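The values are calculated or read from the model by the stated rules, or taken from the named source; none is laboratory data. The model shown is predicted, which means the values in this text are computed figures rather than measured ones. No Cβ is skipped: glycine too gets one built from the backbone with ideal geometry, and neighbour counts run over all protein chains shown.
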Amino acid sequence: MPTEEILQWAHERFGARAAIGTSFQGAGLVMMHLAKQNNLSFPVFTLDTGLLFPETVVLKDRLESFFGFKIESLVPDLTIEQQAEAQGPELWKRNPDLCCTMRKVLPLRNKLSELDCWMTGLRRQQSQTRADVGVIELYNADESSDRDIVKLNPMANWSREAIWKYIADYKIPYNALHDQGFRSIGCFPCTQKVAGGEDERAGRWTGFKKVECGIHTFMSKKVDFQI
């Protein structure tokens with residue numbers, strides 16, 4: 001199905017219980033624009049870890065003005081200072097998995113308790129770990145219950161080239177760091193520029209055997225969802 005039809009299906013099926021989660025990568029920008037163009041008023045949220053690049057913070061404000069809607073910021077229970085008191089300073093240098101869990105996974109899990117459908121900008125071309133991502137998947141949202149959630153990846157089939165052509169065509173604001181060699185942008189301590197020919201996400205968690213922050217791996221996948 002065309003991406004617009006996938007989004008329309010989600011809107012009709014789940015209504016306000018479907019939301020777009022974005023870290024303002026290119027695919028998320030295109031998805032938000034497609035939803036806006038088709039009068040699909042999905043709630044939109046982002047994870048504000050307290051460790052975002054200044055350029056990312058500025059972009060959020062620009063996107064809210066461009067699209068004309070607010071983007072909810074999900075924040076961790078602990079500030080950076082409180083986390084340092086509890087776990088020691090610069091946890092991301094010693095245990096990035098725990099840092100990501102505290103600053104990303106737990107706030108997301110709380111948000112997903114309000115939703116039946118979580119829409120993401122995952123694309124198969126991004127990395128080997130995402131090569132088999134389904135457009136529509138079913139997950140167990142809470143290990144303590146039988147509640148399931150649909151994870152929708154409407155951008156799964158899009159290429160990087162198609163994403164950036166769309167952004168240019170519609171003049172969508174994007175992160176200025178992309179023009180400086182950053183292809184996938186997360187928290188500033190754990191994000192580096194990427195050399196030509198590398199996976200888009202090769203600049204994340206350099207020096208660690210870590211390729212995902214955990215927000216796409218903490219839930220248990222059940223079966224391929226059938227419409």
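Within the group 62, 13, which residue is surrounded by 14 or more Cβ atoms within 10 Å (Cβ to Cβ) and touching a Pro at 6+ places or on another chain (Cβ under 9 Å)?
Just one listed residue meets the conditions, 62.
Can you tell me how many residues within the stretch 139-158 are modelled with pLDDT under 90 and not polar (S, T, N, Q)?
7
Of a type in the set (A, V, I, L, M), surrounded by fewer than 18 Cβ atoms within 10 Å (Cβ to Cβ) and either modelled with pLDDT of 95 or more or touching a strand residue (DSSP E or B) at 6+ places or on another chain (Cβ under 9 Å) (or both): is that true of residue 47 in this structure?
The answer is no for residue 47.
Find the residue count for the stretch 157-193, including only residues that are surrounded by 14 or more Cβ atoms within 10 Å (Cβ to Cβ), part of a loop (DSSP other than H, G, I, E, B) and free of Cβ contacts under 8 Å to residues at least 12 places away in the same chain.
0
I'd like to check something: does the stretch 18-29 contain any residue that is closer than 16 Å to residue 151 by Cβ, among the hydroxyl-bearing types (Ser, Thr, Tyr) and part of a loop (DSSP other than H, G, I, E, B)?
yes
How do the helices (runs of 4 or more DSSP H) wholly within the stretch 83-133 filter down when requiring 3 or more residues that are surrounded by fewer than 19 Cβ atoms within 10 Å (Cβ to Cβ): which remain?
So the answer is 106-112.
Just one of (1) modelled with pLDDT under 95; (2) out of contact with any Lys or Arg (no Cβ under 6 Å at 6 or more places or on another chain); (3) surrounded by fewer than 19 Cβ atoms within 10 Å (Cβ to Cβ) trips up residue 72, so point out which.
Every listed condition holds for residue 72 apart from (1).
Please identify the pairs in which a residue from the stretch 97-118 that is under 22 Å from residue 16 (Cα atoms) and touching a residue at least 12 places away in the same chain (Cβ under 8 Å) has its Cβ atom under 8 Å from the Cβ atom of a residue that is basic (Lys, Arg) and not in a helix (DSSP H, G or I), counting only partners at least 6 apart or on another chain.
Qualifying pairs under 8 Å: 117/151; 118/151.
Quickly run through the stretch 36-59 and pick out the residues that are within 16 Å of the chain's Cα centre (by Cα) and free of Cβ contacts under 8 Å to residues at least 40 places away in the same chain.
Correct list: 43, 44, 46, 48, 57.
Can you tell me which residue among 81, 90, 64 is touching a Lys or Arg at 6+ places or on another chain (Cβ under 7 Å) and among the charged types (D, E, K, R)?
None of the other options fit; the residue is 64.
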